[in-house]
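Q: I'd like to ask some things about the structure below.
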Amino acid sequence: MSTNVETDMINVYDPFTGAWQDHFEMRYFFATYSVQDAVVCFLTGISPLILTKSVMAVVIIILTNLVYGLIAGELVRTGITGTKAAAPGDEAPALTQAEQKEGSKREALLILAVMTVIFFINVTFNTIYTSSVFLMTRTYEGKAIVGNLAVMAVFYMFIRMNEAAPSAVCTLTRPWLSVFLICFGASTISSTANMLMPVELTVLFLPLIIRTGRYRWLPKYVLCVIPGLALALSFVLYVKGYFVFYTYPR
């Protein structure tokens, strides 16, 4: 990123040697997180080191924990506390103001407990085999966003879409559009998402579609998988020598 800022070019110079590269390295061609940071640095004048190590690190950690909070809230309300929505035609039991206040307090305490456990995991499970190490020590890489923010955001959407009964309509507004934007954005941030996001979508949503009989969701699921698979295929074709993007006219 510092090389892009200093040279006012995008991935043209080798950051290790400073030499002009003959062609774009396809592994990083679609991994635009560092390019986006370079643009922000160029426009604002912020030092690349400060932006990546401090500003964006804080932003990503905050956003990730906000998603964790949303997931914890859904798990508490629909799972741990058992406060599911009433079925169509059934009237929800009336609760007194004291009962509502007590229920809200209990949910808040449970959400706080879940968030505390997640924070403990992220701080202590810093090995090369977990996403925690990217969140806490390597936040400047696109993998940190994919492995922590994008994956958990899709999981949150899955929880919300799983709440409705097979015959009910999901309460979310355009949920599949949100899932598509998350997956497409993740694929343009890090090449890791090209494999990770399609796998997550398949593991979560295919069983949901089959179990609930919502087969009209299949085309939407396929559209969400396409960005990752298309970019993964383009990388394979590049490695096999079918095409190359040169950094200068030939």
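Q: State whether the residues of region 191-198 include one that is of a type in the set (A, V, I, L, M), assigned to a helix (DSSP H, G or I), out of contact with any strand residue (DSSP E or B) (no Cβ under 7 Å at 6 or more places or on another chain) and under 22 Å from ILE10 (Cβ atoms). Let's see the steps before the verdict.
A: The initial filter retains those residues of region 191-198 that are of a type in the set (A, V, I, L, M), namely 193, 195-197.
Those left that are additionally assigned to a helix (DSSP H, G or I): 193, 195-197.
Subsequent filtering for residues that are out of contact with any strand residue (DSSP E or B) (no Cβ under 7 Å at 6 or more places or on another chain) retains 193, 195-197.
Retained after the next criterion (residues that are under 22 Å from ILE10 (Cβ atoms)): 193.
Yes, region 191-198 contains a residue that is of a type in the set (A, V, I, L, M), assigned to a helix (DSSP H, G or I), out of contact with any strand residue (DSSP E or B) (no Cβ under 7 Å at 6 or more places or on another chain) and under 22 Å from ILE10 (Cβ atoms).
Q: Given the structure, is TYR242 out of contact with any Lys or Arg (no Cβ under 8 Å at 6 or more places or on another chain) and at pLDDT 85 or above? Reasoning before the result, please.
A: On the way: out of contact with any Lys or Arg (no Cβ under 8 Å at 6 or more places or on another chain): yes; at pLDDT 85 or above: yes.
So TYR242 passes the test.
Q: Within region 1-34, which residues are in contact (Cβ under 8 Å) with a residue 24 or more places away in the chain, part of a loop (DSSP other than H, G, I, E, B) and not polar (S, T, N, Q)? Talk me through it step by step, then tell me what you get.
A: Our first condition is that a residue be in contact (Cβ under 8 Å) with a residue 24 or more places away in the chain; within region 1-34, this holds for 1-2, 4-5, 8, 10-12, 20-24, 26-34.
Checking the rest, the ones that are also part of a loop (DSSP other than H, G, I, E, B) come to 1, 8, 10-12, 21-22, 24, 30-32.
Those that are in contact (Cβ under 8 Å) with a residue 24 or more places away in the chain, part of a loop (DSSP other than H, G, I, E, B) and not polar (S, T, N, Q): MET1, ASP8, ILE10, VAL12, ASP22, PHE24, PHE30, ALA31.
Q: Consider only pairs whose beta carbons are under 7 Å apart and that are at least six residues apart or on different chains; among these, list those whose first residue lies in region 130-151 and is of a type in the set (Phe, Trp, Tyr) and whose second residue is outside any helix (DSSP H, G or I).
A: Sorted first by the residue in region 130-151, then by its partner, the pairs are PHE134/GLU141.
Q: Regarding THR64, is this residue surrounded by 13 or more Cβ atoms within 10 Å (Cβ to Cβ), among the hydroxyl-bearing types (Ser, Thr, Tyr) and at pLDDT 85 or above?
A: yes
Q: Restricting attention to region 43-59, does a residue exist that is under 30 Å from GLY241 (Cα atoms) and surrounded by 13 or more Cβ atoms within 10 Å (Cβ to Cβ)? Quick ask: steps written out before the conclusion?
A: Here is the first cut: in region 43-59, the ones under 30 Å from GLY241 (Cα atoms) are none.
Looking through region 43-59, none of the residues is under 30 Å from GLY241 (Cα atoms) and surrounded by 13 or more Cβ atoms within 10 Å (Cβ to Cβ).
The values are calculated or read from the model by the stated rules, or taken from the named source; none is laboratory data. Treat the numbers as computed from the prediction; the structure is a model and nothing was measured. Positions of Cβ are generated from backbone atoms using ideal geometry, with glycine treated the same way; all protein chains shown enter the neighbour counts.
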